[in-house]
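Written out below as structure tokens is the structure these notes cover.
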Amino acid sequence: MKLKKYIANCFLLLLPIFLWNIILIDKLPKGYSPAIFEKDIPAFVTYGEIIMRVLVFALPLIMVLSFKTQLQKIGLFIYSVGVLLYFSSWLVMIISPESDWSQSLIGFMAPAYTTIVWFIGIALIGKTSFLKLPKISLIYIGLALLFVVIHSAHAYIVFQNLNNP
């Protein structure tokens, strides 16, 4: 069995995201701290988010990482733009937490909803699966959309809690 071919999976595209989050999570404003971000969140949001997070972060393990087709190259571009948007949404919060953008609902939620762009990029890059699952890209986009909706709802609730104590 050629183990090497299984190493080239789309999970590798998540590594920059994980590193970014690990390195900079403590630099975000207090509203993003676990003590505040997890406070008073309905159980169905919390558990829904956990389940969907596991799915959207685990599924890339079986998605083949390849840039051979035009669609996969477009996916790489979309992924790259998405990562830049996501990283930028964090940087604004870190550098200028008191700005109008950072204090607004759309700005506060940006780290949650910008993820959909790089998720779509991953879906287009990983259009085939090691397990030969048909329509893996569509399945992944559907799961990613559901995760982003739940994750954004969570961020919305936190924003409302912070602004309406």
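Nothing in this text is a laboratory measurement; each read-out follows from the coordinates by a stated rule. Here the structure is a predicted model, which means the values were calculated and not measured. FYI the Cβ positions are ideal-geometry reconstructions off the backbone, even for glycines, and counts take in every protein chain you see.
Looking at region 23-90, which chymotrypsin sites (Phe, Trp or Tyr not before Pro) are in a loop (DSSP not H, G, I, E or B) and have at most 14 other Cβ atoms within 10 Å?
PHE67
Counting only other residues whose beta carbon sits under 13 Å from that of SER66, what net charge do I get with K and R as +1, D and E as -1?
After counting each charged neighbour, the total is +4.
If I require 15 Å or longer along the helix axis, counting alpha carbons, and a Kyte-Doolittle average no lower than -1.0, what helices from the chain are left? Use full DSSP H segments. Present the calculation step by step, with values, prior to reporting the outcome.
Numbers: long enough: 43-58 (22 Å, 1.63); 70-95 (37 Å, 1.52); 115-125 (16 Å, 2.60); 136-163 (40 Å, 1.56).
Going by DSSP H runs, the hits are 43-58, 70-95, 115-125, 136-163.
Report, in whole Å, the centroid distance computed from the Cα atoms of region 27-53 and region 74-90.
If you average the Cα positions of each part, the centres end up 23 Å apart.
Using label points projected 7 Å from each Cα along Cα→Cβ, tell me how many nm separate SER80 and ALA35, to one decimal.
4.2 nm
How high is the relative contact order of the chain, given as a whole-number percent (alpha carbon pairs under 8 Å, six or more residues apart)?
So the answer I get is 32 percent.
For the chain, what number results from the quotient of the Cα radius of gyration and 2.2 N^0.38 Å?
1.10
Based on DSSP H runs of at least 4 residues, each adding -39500 (n - 2.57), what is the mean residue ellipticity at 222 nm of the chain after dividing by all its residues, to the nearest 500 deg cm²/dmol? Write out the running numbers ahead of the final one.
Numbers: 9 runs with 112 residues, N = 165.
Estimated from H runs of four or more residues: -21500 deg cm²/dmol.
Identify, among ILE23, ALA153, PHE57, the residue whose Cα sits farthest towards the positive end of the charge dipole of the chain, taking +1 on the Cβ of Lys and Arg and -1 on the Cβ of Asp and Glu, with the dipole about the Cα centre.
PHE57
Can you give the longest run of the chain that contains no trypsin sites (Lys or Arg not before Pro) sitting in a DSSP loop with at most 14 other Cβ atoms inside 10 Å?
Details: sites that count: LYS2, LYS39, LYS68, LYS132, LYS135.
Counting at most 14 other Cβ atoms within 10 Å as exposed, the longest clean stretch of the chain is 69-131.
Please report the projected area of region 77-128's Cα convex hull averaged over all directions, in nm².
Values: hull surface 13.3 nm².
If you wrap the Cα atoms of region 77-128 in a convex hull and average its projections, you get 3.3 nm².
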